[in-house]
Amino acid sequence: MSANFADWAAICETKARYCRLMDTKDWAGWADCFTEDLVLDTTPAGGYRIEGRDQAIRTVLGSIEHARTAHQVHNPEIVFDADGQGASVIWAMNDRVEMAEDRRAAVGEYGHTGYGHYRERYVKCPDGKWRITETQLSYLQFDRRPFP
């Protein structure tokens, strides 16, 4: 079975949910956007590489659980695998993060605004949902609001 517009739209909806659920702090819903063997790689953005959905979620929560965030993605470039069961996707992105008061000194910033890309792998799971199995974040521009 080859990929079709419904698969393309489903991948876009997965990433839209990713943004909304992260920003509204619906962590259980956000976790459902990923496979259990998720690889989260933010090393190109100066961060970390984590293998496993549960560990990735714990790490993200430790950083932005109480922050005010806004994530947006644009212009998906989607290339489906020949069998239509996987896809490579590049998203243009921007994020705005205002750190929670108790985290500002620890991270050395009030927050930031970033512009860059997500490079991701999606798989169509047995339940019919498309989920992210690999995600990599890189920034082209990163405007930090330093904490004094």
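The values are calculated or read from the model by the stated rules, or taken from the named source; none is laboratory data. Note that the structure is predicted; figures quoted are calculated from it, not measured. Methodologically, a virtual Cβ is constructed for each residue, glycine included, from the backbone with ideal geometry; neighbour enumeration extends over all protein chains shown. Calculation scope for accessible area: heavy atoms of the full protein, side chains included, ligands and nucleic acids excluded. Shrake-Rupley method; radii C 1.70, N 1.55, O 1.52, S 1.80 Å.
Annotations for the structure displayed:
- Failed item in (1) modelled with pLDDT of 95 or more; (2) at positive phi, with A16 passing the rest: (2)
- Within the span defined as segment 134-148, one or more residues are under 17 Å from C33 (Cβ atoms), open to solvent by less than 20 Å² (accessible area, probe 1.4 Å) and either hydrophobic (A, V, I, L, M, F, W, C) or touching a residue at least 60 places away in the same chain (Cβ under 8 Å) (or both).
- Restricting segment 23-80 to residues that are among the aromatic types (F, W, Y) and out of contact with any strand residue (DSSP E or B) (no Cβ under 7 Å at 6 or more places or on another chain), the residue that is modelled with the lowest pLDDT: Y48
- Among residues that are closer than 19 Å to I50 by Cβ, β-branched (V, I, T) and in contact with a His (Cβ under 6 Å, 6 or more places away or on another chain), V107 is not included.
- Verdict on P44 being within 19 Å of E13 (Cβ to Cβ), out of contact with any Cys (no Cβ under 7 Å at 6 or more places or on another chain) and either touching a residue at least 12 places away in the same chain (Cβ under 8 Å) or assigned to a loop (DSSP other than H, G, I, E, B) (or both): no
- Within the option set A16, A67, being open to solvent by less than 20 Å² (accessible area, probe 1.4 Å) and either more than 14 Å from the chain's Cα centre (by Cα) or closer than 17 Å to Y118 by Cα (or both) holds for one residue only, A67.
- Residue pairs meeting the criteria (Cβ under 6 Å; at least 6 apart or on separate chains; first closer than 29 Å to W8 by Cα, in segment 59-75; second open to solvent by less than 20 Å² (accessible area, probe 1.4 Å) and aromatic (F, W, Y)): V73/W91
- Just one of the numbered conditions (1) open to solvent by less than 70 Å² (accessible area, probe 1.4 Å); (2) at pLDDT 95 or above; (3) not β-branched (V, I, T) is not true of E109: (2).
- Residue check, E36 in contact with a helix residue (DSSP H, G or I) (Cβ under 7 Å, 6 or more places away or on another chain), assigned to a strand (DSSP E or B) and open to solvent by 80 Å² or more (accessible area, probe 1.4 Å): yes
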